[in-house]
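Visitor: Submitted below is the structure of interest, expressed as structure tokens.
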């Protein structure tokens, strides 16, 4: 093994001798990947193909002991560090250019206690891994809407999904976590142990350490739920969205209805003449008895004259995978996001204008439906503060080749800018891209200053900076 050039926290370059790298590797159950390793290119590949970075070293951890070793090694040598979980990481911060990647993607175990309704989850697990275990007992916790999403990143940013209106955010259901902090120590964070750290990781991203285990509260959901899609022509979408706005304002908390504005994929239930044409999709799920769900969904399904209505009883795990084909790895992705306190006519008009001129058949705008239990938690109760948000809009730019970058980026940014006057100014940290460091304060609102203080306490040298970074008020 040759000597290894690697970046430091101070943006300098140092050399690790072969004996130092080999010494670290000898203390691990996992393995060390360097640029001369045959698996290097595969190990540095992530979901978003717009991210092409070359870390100096990737440590694929097999357990907590490995995480402790690599954090202590990084701290000892003052190395630039990033942390990779099991999912998407739109911003690409999982890969530190020229630095050391702590790769947790092999730590994917999930343990369920069906009597206590609790799950313990390792940081490399995806939503599919979690659902597979919890749904064996008809249990679930609020997570995302795509089964390939990583549990760790989703949770640390706040987390919301199909059952959040009934049961709250992912962090509202976090009971405890084991965290390796920047000093190389393992700490339990909960309401009674290191409560300030527990507060910070519930929305504060990866700024405070490497979480090696999450403990979640579970709720009875499924295994079958009433769910499905109602598809309308984009030409009818203005009327559809205005009626939708009125209907969901009165909807029970068990009912969630997202909106997707995009070109219709070649789905088998859509008439062939609609494939590739602009549509407005209402995606519905009822987190309760399907018989009650039929009544709750009636007002939504009665809107307009849809092209297709494919609502029915399906396995919850299948519904969680519904949008997976639209989010496969290997495409180029760029997101912009806004929080909305409501869905006014002007905001609807902006989104429909841009939906009529999509730069790629893969681009879309998601309107996430929140409220309910999410908004009953006090803003200061967790680091995630934006408890007045009713809708989260994600402008999802997605295309296949670098030649499409200019048009795709212009569309995403144009829609974002046009929608800004109708937004709250807040943003969901998990939807932020690498060029949005100026929005970090907005993501946390009144909680930001306390997060800065806690960052200074737990990570004064800003070891964990490859993220939507909360800079400590000392040193770095």
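Visitor: Find how many whole Å separate the alpha carbon centroid of segment 295-311 from the alpha carbon centroid of segment 160-224.
Guide: Cα centroid to Cα centroid, the span is 36 Å.
Visitor: Let me ask something additional. Using just the alpha carbons, could you tell me how many Å³ per residue the convex hull of segment 175-254 encloses?
Guide: 183
Visitor: Output the antiparallel fraction of DSSP beta bridges having both residues in the chain, as a percent to the nearest 5.
Guide: Here the antiparallel bridges make up roughly 90 percent for the chain.
Visitor: Suppose R0 equals 56 Å. What FRET efficiency, 1/(1 + (r/R0)^6) with r the Cβ-Cβ distance, do residue 5 and residue 318 give to the nearest 0.05?
Guide: My answer for the efficiency is 0.75.
Visitor: Continuing with the same structure: Which order results if 5, 263 are arranged by neighbouring Cβ count within 10 Å, fewest first? Let's see the in-between values first.
Guide: On the way: 5 12, 263 18.
So the residues, fewest neighbours to most, are 5, 263.
Visitor: Moving on to the next point. Provide Rg and Dmax in Å for segment 103-154, with only Cα atoms included in the calculation.
Guide: 10.4, 33
Visitor: Could the peptides 200-212, 270-282, 229-241 be put in order, highest first, of the mean number of other beta-carbon atoms found within 10 Å of their residues?
Guide: Numbers: 200-212: 26.2, 270-282: 16.9, 229-241: 19.3.
Sorting 200-212, 270-282, 229-241 by mean packing, highest first, produces 200-212, 229-241, 270-282.
Visitor: Pop a pseudo-label 7 angstrom from the Cα along the beta-carbon direction at both residue 97 and residue 196 and give the gap in nm to one decimal.
Guide: Computed distance between label sites residue 97 and residue 196 equals 3.5 nm.
Visitor: Quick one: compute the contact order of segment 4-103, relative version, from alpha carbon pairs under 8 angstrom and 6+ residues apart, as a percent. Please report the intermediate quantities before stating the final value.
Guide: Values: 178 pairs, mean separation 32.9, N = 100.
Once normalised by length, the contact order is 33 percent.
Visitor: Please work out, to two decimal places, the log10 of the ratio I(q)/I(0) at q = 0.14 Å⁻¹ from a Debye calculation in which every Cα of segment 224-437 carries one identical scatterer.
Guide: The computed values of log10 I(q)/I(0) come out as -0.89.
Visitor: Would you list 106, 84 from fewest to most Cβ contacts within 10 Å?
Guide: Final ranking by Cβ density, sparse to dense: 106, 84.
Visitor: Give the whole-number value, in cubic angstrom per residue, of the convex hull volume spanned by the C-alpha atoms of segment 41-170.
Guide: On the way: hull volume 14.7 nm³, N = 130.
Per residue, the Cα convex hull of segment 41-170 comes to 113 Å³.
Visitor: Still on this structure: Tell me, what is the FRET efficiency for residue 116 and residue 388 to the nearest 0.05, using R0 = 22 angstrom and their Cβ-Cβ distance as r?
Guide: 0.10
Visitor: Something else: Once you treat every alpha carbon in segment 4-103 as an equal point and sum by Debye, what is log10 I(q)/I(0) at q = 0.12, 0.13, 0.14, 0.24 Å⁻¹?
Guide: Here log10 of I(q) over I(0) equals -0.34, -0.40, -0.47, -1.43.
Visitor: What order do you get for 331-337, 16-22 when each peptide is scored by the mean count of other beta carbon atoms within 10 Å, highest first?
Guide: For the peptides 331-337, 16-22, the packing ranking is 331-337, 16-22.
Visitor: Would you compute, from DSSP H runs of 4+ residues alone, the mean residue ellipticity of the chain at 222 nm, taking -39500 (n - 2.57) per run and dividing by the full residue count, rounded to the nearest 500? Could the numbers behind the result be given before it?
Guide: Numbers: 14 runs with 124 residues, N = 476.
That comes out to -7500 deg cm²/dmol.
Visitor: Do you know the relative contact order of the chain, to the nearest whole percent, from alpha carbon pairs under 8 angstrom that are 6+ apart?
Guide: 15
Visitor: Roughly how compact is segment 322-476, stated as its Cα Rg over 2.2 N^0.38 Å to two decimals?
Guide: Normalised Rg, Cα atoms only: 1.15.
Visitor: Moving to a separate point now. For a quick protection proxy, order the peptides 427-435, 132-140 by their average other-Cβ count within 10 Å, most packed first.
Guide: 427-435, 132-140
Visitor: Can you give the % of DSSP beta bridges in segment 4-103 that are antiparallel, to the nearest 5?
Guide: So the antiparallel bridges amount to about 50 percent of the total.
Since every read-out is calculated from the coordinates, none of them should be taken as a lab result. Just so we're clear, the structure is a prediction, and the values are computed from it rather than from any experiment. Here the Cβ is made from the backbone with ideal geometry for all residues, glycine too, and neighbour counts use every protein chain on show.
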